[in-house]
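To start, the structure itself, in structure tokens.
The values are calculated or read from the model by the stated rules, or taken from the named source; none is laboratory data. Bear in mind that the values here come from a model prediction, so they are computed numbers and not experimental data. In this analysis, Cβ positions are derived from the backbone assuming ideal geometry, glycine residues included, and neighbour counts consider all displayed protein chains.
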Amino acid sequence: MTTVTYKRVVLKLSGEALAGTQGYGIDPIVVDLIAKEIKEVKSYGLDIAIVVGGGNIWRGLAGSAKGMDRATADYMGMLATVMNALALQDALEHCGVDSRVQSAINMQQVAEPYIRRRAIRHMEKGRVVIFAAGTGNPYFSTDTAAALRAAEIEADVILMAKKNADGVYDSDPRYNPEAKKFKELDHIEILMRGLGVMDSTATSLCMDNKIPILVFSIDEPGNILKAALGKDIGTIVGGEKSDS
């Protein structure tokens, strides 16, 4: 019998994860595969909330770097996350998984407004809740949104699904073959070393609220389930360190 480590999880998906190999836009096949993995996780009775990024469509920082007003660029990025959230909801519904999209920006025709108590109630009824539009504020990343929502719904862990990375390293393994992968880290180590797991605001929020972060690769099929079940994959940040 499989032991369930967590009861309630927040899955953080980057926008790039939905783009697949094409690198831009939404790949329906990839989204469908992710939805099927989430359905597997649900079969173990876990409460699941998802925060999705929008980098496959638009990055606010990139627009700002090219002269666009930062707030405007960030709001465009928030709208991109709503598109991704709706695509993921559609795939989940096709898999037979009941889900709701809650947006931090009011758009009643396509999504519910974010209401903490309603989100928790949805999860208690077995629904997957997808949080879109970040925090609803410019200058805050979807990483910060994941940390904030995890604190608000009292999640046990944030599952940080990374593309092209299977954990946290002391340097970029793509350029340094000697890069060391960490099995366990503290939040403060992430901040002091500047390891870039999450931005500093998100990491600090997780540290203050004692929310562990499990960083793992989404490129390998089945890893979302393994992460949700607390299997020994990736890097755990802020968990209870082992004696080894």
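If you go through region 1-33 and keep only what is at pLDDT 95 or above and touching a Lys or Arg at 6+ places or on another chain (Cβ under 7 Å), you end up with just VAL10. When SER43, SER14, SER64 are checked against the criterion of being over 16 Å from the mean Cα position of the chain (by Cα) and under 24 Å from LYS226 (Cα atoms), SER43 stands alone in meeting it.
Per the listing THR81, THR72, the residue uniquely touching a strand residue (DSSP E or B) at 6+ places or on another chain (Cβ under 9 Å), part of a helix (DSSP H, G or I), among the polar types (S, T, N, Q) and closer than 19 Å to ASN137 by Cα is THR81. Just one of the listed residues (LEU61, LEU11, LEU18, LEU33) is surrounded by 20 or more Cβ atoms within 10 Å (Cβ to Cβ) and in a helix (DSSP H, G or I), namely LEU18.
Residues that are more than 14 Å from the chain's Cα centre (by Cα) and either under 14 Å from ILE48 (Cα atoms) or among the acidic types (Asp, Glu) (or both) number at least 1 in the following strands (runs of 3 or more DSSP E) confined to region 99-183: 99-103.
Okay, residues lined up against (1) crowded, with 16+ Cβ neighbours inside 10 Å; (2) modelled with pLDDT of 95 or more:
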| position | (1), (2) |
| --- | --- |
| GLY167 | yes, no |
| ASP172 | no, no |
| GLU178 | no, no |
| LEU195 | yes, no |
| MET198 | yes, no |
| MET207 | yes, yes |
| ILE213 | yes, yes |
| ILE224 | yes, yes |
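Is region 208-223 home to any residue that is among the hydrophobic types (A, V, I, L, M, F, W, C), assigned to a loop (DSSP other than H, G, I, E, B), over 15 Å from the mean Cα position of the chain (by Cα) and closer than 20 Å to ALA150 by Cα? No: region 208-223 contains no residue that is among the hydrophobic types (A, V, I, L, M, F, W, C), assigned to a loop (DSSP other than H, G, I, E, B), over 15 Å from the mean Cα position of the chain (by Cα) and closer than 20 Å to ALA150 by Cα.
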